[in-house]
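Engineer: I have a structure I would like to understand better, so I am pasting it below and will then ask my questions one at a time.
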Amino acid sequence: MNNNYVIGADIGGSHITAALVDLASGAVVDDCKFKEPVNAAAGAREILDRWTACIGRVLTAANTEVAAIGIAMPGPFDYPGGISQIRDVAKYESLYGMNIRAALQASLAFSKGIYFENDASCFALGEAWAGEGAGCSRMVAITLGTGLGGTFLRNNEILHEGKGVPPEGYIYHLPYKTGIAEDYISSRWLLNEYHERTGRRLGEVKHIGELAEKQDTVALALFAELGEALGEVLAPWLADFDAERMVIGGNIRKAHPYFLPALRACLQQNNISTSIHISSRGENSALSGAAWICRSVLVTHK
């Protein structure tokens, strides 16, 4: 197994998941996959201890030396440097300015490489390698959740500029209506709008999905509006990029029966032929994508 496997980790706002990943296929080894809750408002030591514990469980279960560790990390973050720049977002603020790579190498007693990449980009890379985007040369990956993530890939390479690629390669900040895209395409928008239109405050988007399943007219209308908004934001970029596939992930993807028809109709009206795929791998795509970052470095330095 030596040098044929790496560890992929995905850090979310309330947890960390880590697993052994096969470098040949991008497959996640389920017997070596663990999840730990994390209090993102805790002090730096407590957060790092939780991350270390989870990754350490994978190292123990693997029972072999692994070639590297890749971590899917939310931003803002200095990914090449391994330094957290997260602040003013109510999570992981105690880590601001800290060299996370050095801290984890010390706590894990791990002398090999630890590499970081944006969590939405890792999802995209994982889907391109071992998911719905496999075999596709021009792919756009979208994550629908608390925020709006977007990644443009050409031959499994993340693009931050070029024809058909929005500024910095992101879509959340694209102008839309009276604000930006994320203002209208996110769980925050769905929850706020449902409250605005009904007076009922719901805690999670899944509750709106459950209401849509029961044919609640407001819930159905909101998902249709979200789908249309996503289509209007993406249409010009999908056309200029000549995207073959769009892969959708994130928690809102589970409500795809209610937003896909409006999204497809909008793209069709704009003569966009990009096929739309819903991720079925969930968190495994981010884990595979984090491992892909390691794979890219290891192959380069072989």
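The values are calculated or read from the model by the stated rules, or taken from the named source; none is laboratory data. On a predicted model such as this, the values are computed, not experimentally measured, just so you know. Positions of Cβ are generated from backbone atoms using ideal geometry, with glycine treated the same way; all protein chains shown enter the neighbour counts. The accessibility values were calculated without ligands, DNA or RNA, using every heavy atom of the protein model including side chains. Shrake-Rupley method; radii C 1.70, N 1.55, O 1.52, S 1.80 Å.
Engineer: Give me the strands (runs of 3 or more DSSP E) completely within the range 1-45, filtered to those with at least 3 residues that are open to solvent by 40 Å² or more (accessible area, probe 1.4 Å) and not aliphatic (A, V, I, L, M), ordered by residue number. Spell out how you get there, then give the answer.
Structural biologist: On the way: elements: 5-11, 15-22, 28-37.
Strands (runs of 3 or more DSSP E) meeting the threshold: 28-37.
Engineer: Can we say ALA61 is open to solvent by 20 Å² or more (accessible area, probe 1.4 Å), under 17 Å from LEU287 (Cβ atoms) and of a type in the set (A, V, I, L, M, F, W, C)?
Structural biologist: Yes; evaluated as a whole, the condition is true for this residue.
Engineer: Considering (1) at pLDDT 95 or above; (2) touching a His at 6+ places or on another chain (Cβ under 9 Å); (3) not basic (Lys, Arg), say which one PRO175 fails and leave the rest.
Structural biologist: The one condition PRO175 does not meet is (2).
Engineer: Now for a different question. Quick one: which helices (runs of 4 or more DSSP H) lie wholly within the range 176-287 and hold at least 2 residues that are touching a Phe, Trp or Tyr at 6+ places or on another chain (Cβ under 9 Å) and charged (D, E, K, R)?
Structural biologist: Numbers: elements: 187-198, 205-213, 217-241, 256-269.
Where helices (runs of 4 or more DSSP H) fall fully within the range 176-287 and carry at least 2 residues being touching a Phe, Trp or Tyr at 6+ places or on another chain (Cβ under 9 Å) and charged (D, E, K, R), they are 217-241.
Engineer: For ALA265, indicate whether it is free of Cβ contacts under 8 Å to residues at least 40 places away in the same chain and in contact with a Lys or Arg (Cβ under 9 Å, 6 or more places away or on another chain). Explain how you work it out, then say what you get.
Structural biologist: Details: free of Cβ contacts under 8 Å to residues at least 40 places away in the same chain: yes; in contact with a Lys or Arg (Cβ under 9 Å, 6 or more places away or on another chain): no.
No.
Engineer: Which residue is least open to solvent (accessible area, probe 1.4 Å), if the candidates are limited to the range 91-118 and must be among the aromatic types (Phe, Trp, Tyr) and either part of a loop (DSSP other than H, G, I, E, B) or on the phi > 0 side of the Ramachandran plot (or both)?
Structural biologist: Initial filter on the range 91-118 (among the aromatic types (Phe, Trp, Tyr)): 92, 96, 110, 115-116.
From the residues that got through so far, the ones that are either part of a loop (DSSP other than H, G, I, E, B) or on the phi > 0 side of the Ramachandran plot (or both) too are 92, 96, 110.
Working: TYR92: 1, TYR96: 109, PHE110: 22 Å².
The selected residue is TYR92.
Engineer: Okay, moving on. Considering only the range 126-152, how many residues are hydrophobic (A, V, I, L, M, F, W, C), buried (at least 24 other Cβ atoms within 10 Å of the Cβ) and touching a strand residue (DSSP E or B) at 6+ places or on another chain (Cβ under 7 Å)?
Structural biologist: Restricting attention to the range 126-152, the residues satisfying the condition of being hydrophobic (A, V, I, L, M, F, W, C) are 128-130, 134, 136, 139-142, 144, 148, 152.
Then keep just the ones that are buried (at least 24 other Cβ atoms within 10 Å of the Cβ); that gives 128, 139-142, 144, 148, 152.
Okay, now just the ones that are also touching a strand residue (DSSP E or B) at 6+ places or on another chain (Cβ under 7 Å), so 128, 139-142, 144, 152.
The number of residues fulfilling the criteria is 7.
Engineer: Filter the range 274-302 down to the residues that are closer than 17 Å to CYS136 by Cα, touching a helix residue (DSSP H, G or I) at 6+ places or on another chain (Cβ under 8 Å) and either without any contact (Cβ under 8 Å) to a residue 60 or more places away in the chain or hydrophobic (A, V, I, L, M, F, W, C) (or both) and list them by number.
Structural biologist: ILE276, ILE278, TRP292
Engineer: Within the range 266-294, can you find the residues that are surrounded by 19 or more Cβ atoms within 10 Å (Cβ to Cβ), closer than 14 Å to VAL28 by Cα and not hydrophobic (A, V, I, L, M, F, W, C)?
Structural biologist: Hits for the range 266-294 are ARG281, GLU283, ASN284, SER285, SER288, GLY289.
Engineer: What's the number of the condition GLN215 fails, among (1) over 22 Å from the mean Cα position of the chain (by Cα); (2) of a type outside the set (D, E, K, R); (3) crowded, with 16+ Cβ neighbours inside 10 Å?
Structural biologist: It is condition (3) that GLN215 fails.
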